[in-house]
Amino acid sequence: MNNPFVYIMVAGSFLTAISQILLKLSANEKHESFLKEYLNFKVILSYGMFFLVLLANTYAYTKVDMKYGSIIDTLAYVFVFMLSLILLKEKATKKKILGNLLIIAGILIYSL
């Protein structure tokens with residue numbers, strides 16, 4: 001698949017995963033007040049990234065076959081899993097590994 005908009009959607013899935021990790025990092029921190037819990041750099045950056053990905057994906061969906069859009073979006077789950085292992089030092093359980101392998105298998109089967 002040589003459509004450059006597919007790569008935009010994959011990058012969007014990766015940015016979505018990064019923004020979810022940022023939200024988790026922010027949720028794990030202690031905040032001085034209720035307002036600072038939601039109005040801090042990590043949260044604002046995360047939602048800004050979500051918004052930009054939404055715009056990019058909306059445009060990319062006009063250039064990519066619809067059947068590939070949902071497949072590409074599921075990559076975000078795999079990216080979140082990998083980033084949580086690396087950045088959050090979460091443990092890889094058998095269920096998480098199996099779930100991600102099923103997602104990857106589904107992506108491969110559906111895209112061939």
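Compared with the alpha-carbon gap, the fully stretched path from T74 to L98 is longer by 7.1 nm at 0.36 nm per residue.
For the chain, the alpha-carbon radius of gyration amounts to 1.20 times the rule-of-thumb value 2.2 N^0.38 Å expected for a compact globular protein.
For the range 10-98, the list of GluC sites (Glu not before Pro) that fall in a loop by DSSP and count at most 15 other C-beta atoms within 10 angstrom reads E29, E32, E90. Note on the range 28-112: with neighbouring protein chains present and a 1.4 Å probe, carbon and sulfur make up 72 percent of its accessible heavy-atom surface.
Centroid-to-centroid, using Cα positions, the range 89-112 and the range 17-79 are 20 Å apart. Which stretch or stretches of the range 68-82 have amide N atoms under 17 Å from the point lying 7 Å from I109's Cα along the Cα→Cβ direction? In the range 68-82, the label zone of I109 (backbone N under 17 Å from the point 7 Å along Cα→Cβ) covers 68, 70-72, 74-75. Within the range 1-90, the trypsin sites (Lys or Arg not before Pro) that combine a DSSP coil assignment with at most 15 other C-beta atoms in a 10 angstrom radius are K30, K63, K89. In summary, the helical segments of the chain meeting the span-like criteria, namely a full DSSP H run, a Cα extent along the axis of 15 angstrom or more and a mean Kyte-Doolittle hydropathy of at least -0.5, are 4-28, 41-60, 75-86, 94-111. Pairs K67/K91; K42/K67; K24/K95; K24/K96; K30/K96; K42/K89: which exceed 22 Å Cα-Cα? Check vs 22 Å cut-off fails for K67/K91; K42/K67; K30/K96.
Estimated from helices alone, the mean residue ellipticity of the chain at 222 nm is -25500 deg cm²/dmol (sum of -39500 (n - 2.57) over DSSP H runs with n ≥ 4, per residue).
The values are calculated or read from the model by the stated rules, or taken from the named source; none is laboratory data. Every value quoted in this text rests on a predicted model; they were computed, and no experiment measured them. All Cβ positions, even for glycine, are placed from backbone atoms using ideal geometry, and neighbour counts span all protein chains on display. What goes into the accessible areas is simple: the full protein's heavy atoms, side chains included, and nothing from ligands, DNA or RNA. Shrake-Rupley method; radii C 1.70, N 1.55, O 1.52, S 1.80 Å.
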